[in-house]
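Engineer: Attaching a single structure in structure tokens format; questions to follow.
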Amino acid sequence: MEKIWKAISSLKLTVILLGFGVVLVFIGTVAQADEGLYNAQERYFKHWFVPYFSFFGTKVPVPMPGGYFLGTALLVNLVAAHFTRFKWGWKKSGIFLTHIGVIALLVGQLATDLLSRETQLRFAEGETKRYSESAMEYELAIVTDVDADTEEVVSIPYSLIKAGEEIKHEKLPFTLKVKELWKNTDTSFRAPMQKQDKAPITTNGVAQDFDFIQAAETKKMEEKNIPTVIVDVVAPKGDLGTWVLSGWSGDSLLVESIHSSYERSVGHDSATRISDLLSAPQSVEVDGKTYTMSMRPARAYKPYSMTLLKTTHTVYPGTEIPKDFRSRVRIENPESKENREVDIYMNTPLRYEGLTFYQYQMGKDELDRSRGTSTLQVVRNPGWLTPYVGCALVGIGLVVQFMIHLVGFVSKRRTA
Amino acid sequence: MVKRLTHKVWSFALASGCLALVGCEQESIRVYQAPKETARTVSGHGDMGSAPSMVERPAPPARPKLTYDVPTGWSEAAPNQVSVANFTIIGADGKTANASIAPLPPLGNRETEVVNMWRQQMGLSEISPEEVGKLLTEVDVADTKGKLFELAGSSTAAEGPQSIITVMQHTPETSWFYKISGDETLVTKEKSNFLAFIKSVRFDRSGSSASAPSVPATKASGWKIPGEWQEVAPGAMQVAKFQVPSQKDATAEVTVSVFPSDTGGNLANVNRWRGQLKLNPVDESGLGKLVQPLDAQLPGAILVDMENQGDRMVGAIVPRGGQWYFYKLRGGPAAVEAQKAAFVAFARSEP
């Protein structure tokens with residue numbers, strides 16, 4: 001036991017862990033070329049172990065400790081070493097502060113990694129939103145009316161959907177049997193002028209007018225996977241049919257992109273008809289209640305609303321270099337009786353109710369080109385202060401330790 | 001010894017804390033209530049970006065009823081959101097082909113894009129407008145002429161060589177697309193049947209669906225129709241048509257169409273009319289000089305008078321009761337001039 005404890009608190013272990021850390025960062029960075037940024041981050045830095053790694057296109061079957069393992073091990077090693085070797089005294093207060101700072105950085109980074117969440121809030125001028133949406137993650141949402149103003153949502157994260165399994169919930173009067181689950185899909189309109197050699201996947205809902213085809217998973221940074229799930233809806237009183245629920249239908253940005261794409265070839269009216277068919281709701285009725293199903297970007301609701309009042313987008317004359325990206329937003333919070341207007345612009349985010357709203361993108365409404373749109377990056381990071389505190393403690397600790405030595409050295413010289 | 005133990009407990013607690021923190025990340029099904037939102041389809045103007053929870057699947061648009069002779073071996077299938085007629089053809093070897101008729105908004109000035117879109121579907125590269133022009137051949141369709149093009153290629157959705165024959169028939173209000181596609185051998189074999197089929201097509205306005213714009217019969221309507229105008233059978237997408245008296249061998253006719261939207265606005269429609277007269281399109285400022293208000297009592301109603309090479313058109317666009325009325329008096333300049341005042345009174349009158 002004593003040997004194990006010695007090993008845990010040894011400086012050799014610190015060096016070995018730091019060495020592995022350097023290797024992991026190098027390999028994880030190189031692997032981004034093969035596996036994509038998000039996949040590489042997830043697999044190398046957000047896991048305890050990495051069973052194999054990619055190196056310039058070659059799969060190397062050598063297991064490695066993952067980011068979680070190295071971070072936790074370093075933390076334990078640091079704390080153990082600190083308590084084993086450190087003997088408190090004012091002369092070592094700088095080292096103490098520095099160690100506390102490093103611990104704050106390690107714990108803070110882990111907390112940030114696990115608790116932070118980035119979503120996006122996209123709205124057009126005059127529009128009010130109460131939620132932001134994930135840019136990458138989807139959810140299967142089943143929505144039913146509660147009353148004239150409220151709806152109840154059963155939100156099933158994409159990660160919980162498995163092909164061949166069933167989805168049941170006490171709030172749902174039916175079972176969803178997952179026939180197919182495709183992480184990434186392409187879609188095409190079943191226009192009469194196009195080829196229709198295959199029967200539709202199902203004769204319910206959007207599948208009547210659109211084909212959905214499984215596509216290879218994309219790992220490119222500028223692309224995202226658009227999932228599609230094919231489910232059998234089975235109620236106690238009978239089968240409610242097969243339905244295709246796709247991100248293509250539930251993601252308004254994708255619907256607009258389909259509209260833009262068709263508008264170029266068949267004109268606005270036909271493109272509008274096509275995109276309306278794509279985004280039309282798909283519902284089943286059970287015991288007099290209507291349940292609308294969609295695969296949509298995962299949402300994060302807020303207890304307040306934000307209305308985009310005005311967008312300002314100016315560039316330096318004669319260039320495309322942005323001079324001012326600015327969103328004038330009204331916040332209405334019924335709980336705090338707050339109703340105020342704020343400007344969110346480059347490098348000046350809004351910090352509100354534990355969230356930070358950064359000005360992210362600007363554009364034009366696909367429907368009404370006279371209306372500007374704005375996208376805010378919404379970041380929830382409960383540990384956002386820890387890097388500042390950690391770095392400050394490390395800095396102060398080093399200065400204090402240096403000063404203690406300096407004062408001691410000068411005093412000795414004077415005495416001599 | 002106690003001190004050592006405390007250190008171990010501290011380290012163990014930290015490691016456990018990290019593990020617990022990582023374990024907290026598990027996702028689960030959430031149930032929550034949220035304010036109901038007004039959905040927005042691309043055609044709607046509700047809450048942008050919301051899930052389309054409040055709108056219904058769009059109903060098929062109003063379409064004229066068609067009559068046609070179905071070739072032997074073709075079996076009729078149900079029309080869908082876009083097409084008004086669908087047919088399945090099964091060859092002797094089990095290979096299949098499909099034929100359909102689909103009305104789309106006017107695409108007469110987008111033939112290159114249309115052809116290239118379908119070339120793309122067949123895995124073929126895009127071609128220039130000149131090459132598209134060479135590809136198109138004139139054929140008889142319904143009671144008029146259409147433009148035919150043929151494409152052959154491969155498709156990821158089907159095995160073996162595929163072929164598609166398309167005929168476009170443009171009217172001022174609608175572009176009709178007649179298509180046969182499928183196995184190349186079968187399509188080639190059925191080409192003559194297809195050409196006979198499209199020639200047999202007739203538009204039956206009385207068979208329009210109930211959701212078509214409600215326009216009263218001309219005789220019972222409040223329209224001020226001059227007695228000398230002779231009502232004749234309207235063409236496709238028209239609700240009324242009149243032959244007006246000729247003047248010095250110059251003939252002219254009046255047509256009326258009604259749509260539930262402005263079909264692109266005044267500029268697009270006036271430029272479409274200018275195209276019919278072989279005049280160059282105008283921009284917004286040019287439009288302002290070209291049009292005049294039809295009547296102070298009819299806000300938004302415009303009148304335009306254009307002529308080119310002995311072909312004159314007086315047109316009026318009148319928004320009325322949520323619908324858009326398109327009136328045209330077109331023909332020889334003398335005949336049009338003689339009827340212009342009556343035409344303006346007709347367009348001003350409440351149907």
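Engineer: Hey, any hits in region A:56-72 for a residue that's touching a residue at least 12 places away in the same chain (Cβ under 8 Å), within 21 Å of A:PHE96 (Cα to Cα) and crowded, with 16+ Cβ neighbours inside 10 Å? It would help to see each step written out before you state the result.
Structural biologist: Residues of region A:56-72 touching a residue at least 12 places away in the same chain (Cβ under 8 Å): A:56-57, A:63-72.
Next, from what is left, pick out any that are within 21 Å of A:PHE96 (Cα to Cα): A:71-72.
Narrowing the set further to residues that are crowded, with 16+ Cβ neighbours inside 10 Å leaves A:71-72.
The answer is yes, given that some residue of region A:56-72 is touching a residue at least 12 places away in the same chain (Cβ under 8 Å), within 21 Å of A:PHE96 (Cα to Cα) and crowded, with 16+ Cβ neighbours inside 10 Å.
Engineer: Residues that are surrounded by fewer than 22 Cβ atoms within 10 Å (Cβ to Cβ) and touching a strand residue (DSSP E or B) at 6+ places or on another chain (Cβ under 6 Å): does region A:242-259 have at least one?
Structural biologist: yes
Engineer: Now, a different point. Can you tell me how many residues within region A:295-319 are in a strand (DSSP E or B) and out of contact with any helix residue (DSSP H, G or I) (no Cβ under 8 Å at 6 or more places or on another chain)?
Structural biologist: Of the residues in that region, 17 qualify.
Engineer: Looking only at strands (runs of 3 or more DSSP E) that lie completely in region B:252-351, which have at least 2 residues being closer than 23 Å to B:PHE242 by Cα and out of contact with any Pro (no Cβ under 8 Å at 6 or more places or on another chain)? Can you show your working first?
Structural biologist: Details: elements: B:291-293, B:302-308, B:311-320, B:323-331.
Here the list reads B:302-308, B:311-320, B:323-331.
Engineer: Looking for something more than 8 Å from every other protein chain (Cβ to nearest Cβ) and not β-branched (Val, Ile, Thr) - is there at least one such residue anywhere in region A:267-278?
Structural biologist: Within region A:267-278, one or more residues are more than 8 Å from every other protein chain (Cβ to nearest Cβ) and not β-branched (Val, Ile, Thr).
Engineer: For region A:5-28, indicate whether the set of residues that are within 14 Å of chain B (Cβ to nearest Cβ), among the aromatic types (Phe, Trp, Tyr) and part of a loop (DSSP other than H, G, I, E, B) is non-empty. Give the derivation first.
Structural biologist: Going residue by residue through region A:5-28, those that are within 14 Å of chain B (Cβ to nearest Cβ) are A:5-10, A:13-14, A:17.
This time we only want the ones that are among the aromatic types (Phe, Trp, Tyr), so: A:5.
Then drop every residue that is not part of a loop (DSSP other than H, G, I, E, B), which leaves none.
No: region A:5-28 contains no residue that is within 14 Å of chain B (Cβ to nearest Cβ), among the aromatic types (Phe, Trp, Tyr) and part of a loop (DSSP other than H, G, I, E, B).
Engineer: Could I ask something else about it? So which of A:ALA73, A:ALA148, A:ALA80, A:ALA124 ends up being small (Gly, Ala, Ser) and in contact with a strand residue (DSSP E or B) (Cβ under 7 Å, 6 or more places away or on another chain)?
Structural biologist: A:ALA124
Every read-out reported here was derived from the displayed coordinates using simple, explicitly stated rules and does not represent laboratory data. This one's a predicted model, so the numbers in the text were calculated from it and none came from an experiment. Positions of Cβ are backbone-derived with ideal geometry, glycine not excepted, and every protein chain shown enters the neighbour counts.
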